[in-house]
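Colleague: I'd like to ask some things about the structure below.
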Amino acid sequence: MLNDYERKVLRILYNYKGIRRRFPTIHELTVKTGRGKADIMAALQGLIAANYITWVDKSDTANIVILEGWERENEQPKPPATSQFERSNDISYWTEY
């Protein structure tokens with residue numbers, strides 16, 4: 001499961017490539033995320049380790065290949081289960097309060 005920052009970097013890479021037809025530079029990623037180069041490199045290494053991207057020639061971000069552009073369905077956090085009202089036709093709310 002990706003942490004929030006890795007997910008943010010993945011979405012930036014995916015959307016940037018789709019709109020501008022190139023990957024953002026490290027400087028552009030620092031501007032878009034508000035973090036430093038070390039944090040961006042750590043996020044990219046995390047994406048490589050989780051097999052979301054491949055990046056063989058690390059001299060430039062133009063060499064990044066996105067394998068999956070979004071988080072896998074089975075790894076997404078699940079919202080807590082909420083119970084439905086037991087009595088949907090109950091008017092006690094309107095008559096007792």
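Colleague: Averaged per residue, what accessible area in Å² does the chain show with a 1.4 Å probe, protein chains only? List each step's numbers first, then the result.
Modeller: On the way: 7250 Å² over 97 residues.
Ligands and nucleic acids excluded, the result is 75 Å² per residue.
Colleague: Run the accessible area of segment 1-64 with a 1.4 Å probe and give the carbon-and-sulfur part as a rounded percent.
Modeller: Numbers: 1930 of 3750 Å².
Reported share for carbon and sulfur atoms: 51 percent.
Colleague: Moving on. Taking the Cβ-Cβ separation of residue 59 and residue 4 as r and a Förster radius of 30 Å, what is the calculated FRET efficiency to the nearest 0.05? The partial results should precede the final answer.
Modeller: Numbers: r = 28 Å, r/R0 = 0.93.
Working from the Cβ atoms, E equals 0.60.
Colleague: Could you pull out every one of the lysines with an alpha carbon less than 16 Å from that of residue 17, ignoring same-chain neighbours closer than 8 positions?
Modeller: Cross-link targets: 8, 32.
Colleague: For segment 1-83, what log10 I(q)/I(0) values come out of the Debye formula at q = 0.12, 0.14, 0.18, 0.27 1/Å, with one point per alpha carbon and no solvent?
Modeller: Debye intensities relative to I(0), on a log10 scale: -0.35, -0.46, -0.72, -1.56.
The values are calculated or read from the model by the stated rules, or taken from the named source; none is laboratory data. Because the structure is a prediction, the values reported are computed rather than measured. Cβ: placed from backbone, ideal geometry, glycine included. Neighbour counts: every protein chain shown. For the accessible areas, the whole protein counts, side chains as well, though only heavy atoms, and no ligand, DNA or RNA atoms are used. Shrake-Rupley method; radii C 1.70, N 1.55, O 1.52, S 1.80 Å.
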